[in-house]
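Notes to accompany the following structure.
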Amino acid sequence: MNPFDFLKDLDAMKKSLGDAQNQLAQISATGSSGGNIVNLTLNGKFEITNLHLDPVCVDPRDIKMLEDLIVAAHHDAMAKIQEEIKSKFGPMLGGLQGLA
């Protein structure tokens, strides 16, 4: 293979990765638990961007339940983000889909 062709391909891959990172920043999903008393929003980088707790779930005598609800909402949002990433970037990932 011609080294100059390889460099051209490398530049194209870098641009594609940069575009993918920008698209990831635009993806978001909200997960919920406890019948929507806990809602948590993640972006495509799996960062929490919003957390809403219905006052009914804030019982100082049952902190463990609240912790479990937050974790469950986070897992729900993560699953939604992963599905969104697979649908948007699946063709780009090609044979790497098993890793995502």
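The values are calculated or read from the model by the stated rules, or taken from the named source; none is laboratory data. Everything quoted here is computed from the prediction, not taken from an experiment. Because the Cβ atoms are built from the backbone with ideal geometry, glycine has one as well, and the counts that use them run over all protein chains shown. Note: areas computed on protein heavy atoms with side chains; ligands, DNA, RNA excluded. Shrake-Rupley method; radii C 1.70, N 1.55, O 1.52, S 1.80 Å.
Table for the structure above
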quantity	calculated
Residues of the stretch 21-58 classified as open to solvent by less than 40 Å² (accessible area, probe 1.4 Å) and in contact with a Cys (Cβ under 7 Å, 6 or more places away or on another chain), total	2
Some residue of the stretch 21-35 being touching a Phe, Trp or Tyr at 6+ places or on another chain (Cβ under 9 Å) and in contact (Cβ under 8 Å) with a residue 40 or more places away in the chain	yes
In the stretch 59-87, the residues that are part of a loop (DSSP other than H, G, I, E, B) and open to solvent by less than 80 Å² (accessible area, probe 1.4 Å)	59, 62
Per-region count, the stretch 38-86, residues out of contact with any helix residue (DSSP H, G or I) (no Cβ under 8 Å at 6 or more places or on another chain) and among the aliphatic types (A, V, I, L, M)	10
Residue count, the stretch 1-53 (criterion: more than 30 Å from residue 68 (Cβ to Cβ) and aromatic (Phe, Trp, Tyr))	2
Those residues of the stretch 1-20 which are touching a residue at least 12 places away in the same chain (Cβ under 8 Å) and open to solvent by 40 Å² or more (accessible area, probe 1.4 Å), in sequence order	16
